[in-house]
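Remarks on the structure that follows.
The values are calculated or read from the model by the stated rules, or taken from the named source; none is laboratory data. The shown structure was predicted, so the numbers you read here are calculated from the model rather than taken from an experiment. Glycine also receives a Cβ, built like all others from the backbone with ideal geometry; neighbour counts cover every protein chain displayed. For the accessible areas, the whole protein counts, side chains as well, though only heavy atoms, and no ligand, DNA or RNA atoms are used. Shrake-Rupley method; radii C 1.70, N 1.55, O 1.52, S 1.80 Å.
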Amino acid sequence: MKRLETDILIVGTGPGGATLARELAGRGREVAVLEKGRWHRMTLGRYASVGTITRIVIPRESFGFMARGISVGGSTVVFTGNAYDPPRWMQDDLGIDLSGYVRATREEIGVKPLPQEYFDRWPGTRTLIEAAGEIGLTIRPQDKYINPDLCDPDCDDCMIGCRRGAKWTARDYAADAVQRGARLYDRTTAKKLIIENGAVKGVTVRGPHGFREVRAEKTVLAAGGMGTPVILIKSGLKGAGTGFFIDPMNVLWGLSRYSGSVRGQTFAAASEDFIDSDEFMIGTLGALFLKHWAMLGLLRGYPYGRVIGMFAKLGDDPGGRIDGRGRIFKPYTKEDKRRFKKGTDTCREIMIRAGVVPGTILVLPNVGGHPGGTAAIGRVVDRGLKAYEVDNLYVCDASVFPRSPGRPPSLTIIALAKRLAESI
Ligand SMILES: Cc1cc2nc3c(=O)[nH]c(=O)nc-3n(C[C@H](O)[C@H](O)[C@H](O)COP(=O)(O)OP(=O)(O)OC[C@H]3O[C@@H](n4cnc5c(N)ncnc54)[C@H](O)[C@@H]3O)c2cc1C
């Protein structure tokens, strides 16, 4: 059996894996990285990257969808590029201070809100912001990993891949890692941990590069909230797979009497008024896929230019689980449902004040995009992200959150990876 050998093995190239690979390679460490998805060489964007998204229907008790990126860069390839500081409990409850790493990352990537002209030019977005103000809520521009000099204000394709290179993705860090000497193998799936005498010695793999196992001094799983627990469960580690949250989002669309928000950008503006009290966010939607459906002639006769959209995104209870086959079980608690309804009703109220005809409002329910909690700090790994049960194993992705951060988590994951790079 042909095998690959390395000092550090990293599985997955989302913000956790790609950041860690970049940092360690930059320190001269020998790093090999495995990624199940492809490194799409063609220009991303438009329809090219749609194939990187998998959608999984959650069992009937809580119907919904999961979106994630299976690609070099992980879900950041299809994320909206919003950056949020870690939740306060990271420091208060876990004693993990990420402030220095967060500051460095913000500077390195150039995180900032989109310029005011992005909000002023579309009357639909403007009316939503004004209508929220009338009921005492502040919808304001959000910090983005987007370079406005390269971005097109008429485009809302972040979630099918940025074709202009305006949006930072973890693929940028993966490319830096390779440039600094890391070896990256795409289309290569880590199947199981190799465990000998209580210590992890690498993983078995499936892929086209001719080796069936990778041997390493240290192994880091960064396969995401849905990928990492599958490897851990298959390898017989206890505690993995439970504590699952997904941050479900209800998407609302309605027809305005005036002008739509479809030419705005999704999640460019949002309200953080409920983030601490009820752990949900609400915000504005752009065209999403409507523009593309219209281009394909699927919306003939539907005045999609007058569509106004909002979303309510919940930090849900970590009461779900994922099994060794990657199947999801995600019931919502009574409290989840109450908070989600409050968020959705608030969006509806703002939309109607902004001129949306009430009978035209449609709700696309439970679209989850931030899976995590499945190898949590305190249950599977310690505060240094090292596994309790075996030696030489670490986890560095959204799985380690003991509960939902209640806001998009990538900046926290990047900061955790930078912190781990100093100790591993
Ligand atoms: C539509 C959408 C919009 C989002 N918007 C935002 C946003 O604006 N801001 C924000 O902060 N977050 C956003 N997120 C969430 C964010 O992208 C994720 O939380 C983040 O990418 C998770 O990082 P990660 O390192 O845990 O794993 P991931 O990004 O999921 O990366 C894991 C990688 O591991 C690979 N992998 C899985 N299993 C294996 C295996 N067995 N072997 C090898 N490789 C494997 C996967 O292919 C993937 O590339 C969004 C997500 C989605 C889907």
*Rounded to the nearest 5, what is the percent of antiparallel bridges among the DSSP beta bridges in the chain?*
70
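Restricting attention to segment 358-405, which trypsin sites (Lys or Arg not before Pro) occupy a DSSP loop and are surrounded by at most 12 other Cβ atoms within 10 Å? Please list the in-between numbers first.
Numbers: sites: Arg379, Arg383, Lys386, Arg403; in loops: Arg379, Arg383, Arg403.
Taking segment 358-405 and a limit of 12 other Cβ atoms within 10 Å, the loop trypsin sites (Lys or Arg not before Pro) found are Arg383.
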*Once both axes come from the Cα atoms, what is the angle between helix 334-353 and the longest principal axis of the chain, in degrees from 0 to 90, rounded to 10?*
40
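Share of the chain's accessible area from carbon and sulfur, percent, 1.4 Å?
Numbers: 8490 of 16910 Å².
Here carbon and sulfur together make up 50 percent of the probe-accessible area.
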*Please list 240-246, 250-256 highest first by mean number of surrounding beta-carbon atoms within 10 Å per residue.*
240-246, 250-256
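How about segment 311-390: which chymotrypsin sites (Phe, Trp or Tyr not before Pro) there are in a DSSP loop, with at most 14 other Cβ atoms within 10 Å of their Cβ?
Numbers: sites: Phe311, Phe329, Tyr332, Phe340, Tyr388; in loops: Tyr332, Tyr388.
Counting only loop positions with at most 14 other Cβ atoms within 10 Å, the chymotrypsin sites (Phe, Trp or Tyr not before Pro) in segment 311-390 are Tyr388.
Please give the per residue accessible area of the chain, computed with a probe of 1.4 Å over protein heavy atoms only, in Å². Present the calculation step by step, with values, prior to reporting the outcome.
Details: 16910 Å² over 424 residues.
So the chain comes to 40 Å² accessible per residue, rounded to a whole number.
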*Quick one: how many Å² of Lys418 are accessible to a 1.4 Å probe, rounded to 10?*
10
*Shape call for segment 279-375 from the C-alpha gyration tensor, a ≥ b ≥ c root eigenvalues: rounded (a/c under 1.5), prolate (a/b greater than b/c) or oblate?*
oblate
*Treating cross-link reach as a plain straight distance, find the lysines whose alpha-carbon is under 23 Å from the alpha-carbon of Lys218, omitting any fewer than eight places away in the same chain.*
Lys2, Lys36, Lys191, Lys192, Lys201, Lys234, Lys238, Lys386, Lys418
*Using a Förster distance of 30 angstrom, determine the FRET efficiency expected from the C-beta separation of Glu349 and Asp276, and round it to 0.05.*
0.90
*Take the alpha carbon atoms of segment 234-265, find their center, do the same for segment 330-379, and report the distance between the two centers in whole angstrom.*
8
_Between segment 139-214 and segment 84-134, the Cα center-to-center distance that results, in Å_ = 23
*asked:* Helix 410-423 against the longest principal axis of the chain: what's the angle in degrees, Cα atoms only, rounded to the nearest 10?
replied: 20
*Modelled label-to-label distance, Tyr258 and Glu117, 7 Å Cα→beta-carbon offset: nm?*
2.2
*May I ask for the angle, rounded to the nearest 10°, between helix 99-109 and the longest principal axis of the chain, with both axes built from Cα atoms and the value confined to 0 to 90°?*
70
*Under a straight-distance cross-link criterion of Cα-Cα below 27 Å, which lysines are reachable from Lys313, leaving out those fewer than 8 residues away in the same chain?*
Lys112, Lys144, Lys167, Lys291, Lys330, Lys334, Lys337, Lys341, Lys342
